[in-house]
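Working notes for the structure below.
Quick note: the coordinates plus some simple rules give every number you see, no bench work behind them. Bear in mind the structure is a predicted one, so any value in this text is a computation, not a measurement. Please note: Cβ atoms are built from the backbone with ideal geometry, for glycine as well, and neighbour counts cover all protein chains shown.
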Amino acid sequence: MDKTRAKPARTGLVSWGALLGLSLMSMQAPALVTGHLESGSQLEAVQELVEKLGYTESGPSCLFYLLHGPGGHKWGFVALYRAECHGEKLFLKFADQPAAQAFLPAIRLLESSPLLSTSILQPIAEFSVGIQRGGSRPDRQVYCSAYPWIPGDTLLDVLHKLREPEQEAEYLTGIYRQLGRLLGEMHGAGLVDADKPLEEMQSRLIHRDIGSINLKITPDNRIVILDIDSFTDPEAPLSVKLQPLSVKWFAVKDFMWLVIWPEPEHNFLIDSPIVSAWLRVLPGIAEALLSSYCQALVGQDKAAACVSEIAEHAAWIVGGSHEANMRNARQKESQPFVSREEMACRLEMVFGPLR
């Protein structure tokens, strides 16, 4: 989530207490509220939506914070707001498509797992709105969706704060073990046929953009998956492993973006003090994520083979990425990528015990 700062806008709207009986921590969302907003600006639309969710004019005033936007985004129109009313908070998102309504078929898949029901952000409301653009430009039809605000830091925030990872090894290993179980249960809950071998498995519950910025770690160390826009259509299941020797295998892709290069400072391929410190905790983190993922997805008996297959595939991709970056680095004199000898040592240290 972009942390762009902006001035809060104050309005004397309403009481937060009537907000559809929402429980923030359980995230058991009520039926999705839908409709159309008449307001012509983003802030007015946010205020109107919050009012439609059950406020009264006699209640306390609300604060609205712009987190990102307004404006374009490389994936389309995106603007993010936070509402604060009477000690409670709400997250609101403008986007081109009705993502919350598109996510409704996936909610029934979450019901099979208490972990998923409390660990994947669920929408409260989504309203269409025509944003006025002024001049000769036509109004833009977008959608404003509302979600419970999840307290805590993103995984990216946590990694930025860690300058001595070894001192936090137990904490990090616990987070990654929990994350592996969450991803395994997520893919497993949507499996078309659980008896298929790993390479043939298809799931209806796939998130295309699992990464350090889309995972919130709450004050009580729960992990919550954000950005439901990135879930694929449950009616069109995808292979957990899409094609051989491809990072599009979601189990491998998630592992790569969470462990090998979760953010630029922790890039496995480069030589830096931060990466050197990160390397000392990587074997434990990698084992925790993969073992808990495979146990949740295929069961204890098949987990070892699953871990080995994913690790082998990921190591092949890391080695190929390093070779490609070495060639580019020689031409452009870019980042200080480690030598082939050092990369071989790193691959063995992290992936050796897993293969």
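Give me the net charge for the shell around A304: Cβ to Cβ below 13 angstrom, other residues only, Lys and Arg +1, Asp and Glu -1. Within the 13 Å Cβ shell, the charges total -2.
Modelled spin labels at E200 and W316, positioned 7 Å past Cα toward Cβ, are 2.0 nm from each other.
Given R0 = 25 Å, the distance between the Cβ atoms of K161 and M326 translates into a calculated FRET efficiency of 0.20. Give the shape of region 108-208 as rounded, prolate or oblate, defined through the alpha-carbon gyration tensor: a ≥ b ≥ c are the square roots of its eigenvalues, a/c under 1.5 means rounded, and otherwise the shape is prolate if a/b is larger than b/c and oblate if not. Judged from the Cα gyration tensor, region 108-208 comes out oblate (a/c at least 1.5, b/c at or above a/b). With contacts taken as Cα pairs under 8 Å at a separation of at least 6 residues, region 149-302 carries a relative contact order of 33 percent.
Number of Lys-Lys pairs in region 153-354 with C-alpha atoms under 20 Å apart and a separation of 8 or more places or on different chains: 7.
The Cα-based radius of gyration of region 153-354, divided by its Kirkwood radius, gives an Rg/Rh of 0.96. For V33, the residues 5 or more places off, or on other chains, whose built amide H falls under 5 Å of its own are A125, E126. A dipole drawn for region 153-354 from +1 and -1 charges on Cβ atoms has a positive end, and of N325, A189, F255 the residue lying farthest that way is N325. Taking other residues whose beta carbon is less than 10 angstrom from the beta carbon of Y143, and scoring Lys, Arg as +1 and Asp, Glu as -1, yields -1.
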